[in-house]
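What follows is calculated from the coordinates using simple rules that are stated; it is not laboratory data. Not measured: the values here are computed from a predicted model. Backbone-built Cβ (ideal geometry, glycine too); neighbour counts: all protein chains shown.
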Amino acid sequence: MLIVSAVFLVAVPWLVPAVADRFWVNVMAEILIWSLLASSVNLLFGYVGLLSFGQALFFGFGMYGVAIGVEKLGLGFWPALGLGVAAPVAMAFVAGIFAVRLTWHYFAIITVVFSLIFYFLALTLKPLTGGDDGISFTLPPAFRFGGAEFGFASETFQYLFILATVALCLYAMRRLLASPLGKAFMAIRDNDVRASLIGLNVYWLRLAAFVMAGFLAGLSGALFAFFGRYASASYMFYHVSGEAVVWTIVGGAGTLLGPLVGTSLFILVREVVSTHWQHHALIVGAVAILIVIYAPRGMVGLWRDLLERWSGGEK
């Protein structure tokens with residue numbers, strides 16, 4: 001199943017070659033970008049036990065890092081991407097120093113507070129951020145690799161670059177979670193008191209996870225800036241973080257592909273239903289409620305349970 005899905009994702013640009021259908025290539029690219037934001041929520045909530053409603057802050061920093069780098073500083077592709085990643089990582093480290101001292105709803109509240117502070121700050125600093133209008137730019141600079149020049153002017157290359165970046169991040173996350181560091185994260189999630197008693201430094205491990213999650217959220221914001229040629233303070237508002245939390249829970253928190261599944265479901269529902277009915281959010285809400293009640297482990301968890309049941313029946 002995983003191999004078939006991977007082949008399908010790579011083949012998307014050639015499966016919808018017609019100009020009129022290129023819309024769906026962009027939708028798939030958007031799903032991949034938002035799933036990376038949801039993965040940052042999943043890293044904290046699903047594997048460390050910290051529910052963050054502030055990931056939009058790092059998403060916005062990634063967007064502004066790229067937009068300011070391209071439009072105001074005249075940076076090339078890789079330097080702009082580097083700025084779009086470095087800015088949210090630095091912000092995550094500063095915010096994490098204070099945030100990870102707290103847990104449960106206190107942690108969720110302080111992440112919302114950080115998000116709101118910089119949301120209103122971005123609206124105020126209009127010379128730098130564009131205020132309500134945001135920052136828009138034309139095609140991002142192309143880059144050379146192996147003697148060839150590539151650029152986001154090509155929708156096919158744009159999609160494949162986003163797919164490769166997200167796939168690399170998911171692979172790195174898989175290796176991380178299988179490592180001793182990942183096991184330490186899960187030990188803290190299950191019982192932070194016991195984890196501290198066996199010698200784990202809970203504070204520094206939570207801070208490390210917070211910064212890693214900030215990296216994922218910032219990278220997704222940087223990719224979205226290149227994708228949309230735009231950066232806006234509206235993407236730093238906490239409702240963006242709330243959507244990522246819903247995608248993660250519905251897809252399956254604590255599973256590697258849960259965020260991708262949840263994001264795909266809701267964005268596809270939005271794109272298909274919104275053309276016929278403007279209240280598509282009601283369907284999204286109903287699906288989320290049903291999943292939380294009847295499949296608390298999310299869609300991926302439900303699928304795993306069904307597979308185990310079927311395999312058990314065969315025995």
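Laid out as a table, the results:
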quantity: Span-rule helices in the chain, defined as complete DSSP H runs reaching 30 Å or more along the axis (Cα) with Kyte mean at least 0.5; calculated: 22-47, 77-99, 104-124, 155-178, 202-228
quantity: P(r), alpha carbons of the stretch 202-265 - 5 Å bins starting at zero, rounded %; calculated: 4, 15, 16, 27, 22, 12, 3, 1
quantity: Dipole magnitude of the chain, debye to nearest 20 (Cβ charges: Lys/Arg +1, Asp/Glu -1, about Cα centre); calculated: 680 debye
quantity: Per residue convex hull volume, Cα atoms of the stretch 28-143, in Å³; calculated: 117 Å³
quantity: Percent of C-alpha pairs per 5 Å bin, the stretch 159-198, short to long; calculated: 6, 23, 17, 15, 12, 10, 8, 5, 3, 0
quantity: Taking all pairs of distinct alpha-carbon atoms in the stretch 149-291, Kirkwood radius in angstrom; calculated: 17.7 Å
quantity: Among 85-96, 196-207, the order from most to least packed when residues are scored by Cβ within 10 Å on average; calculated: 85-96, 196-207
quantity: Overall Cα dimensions of the stretch 2-236, principal axis frame, Å, largest first; calculated: 58, 47, 32
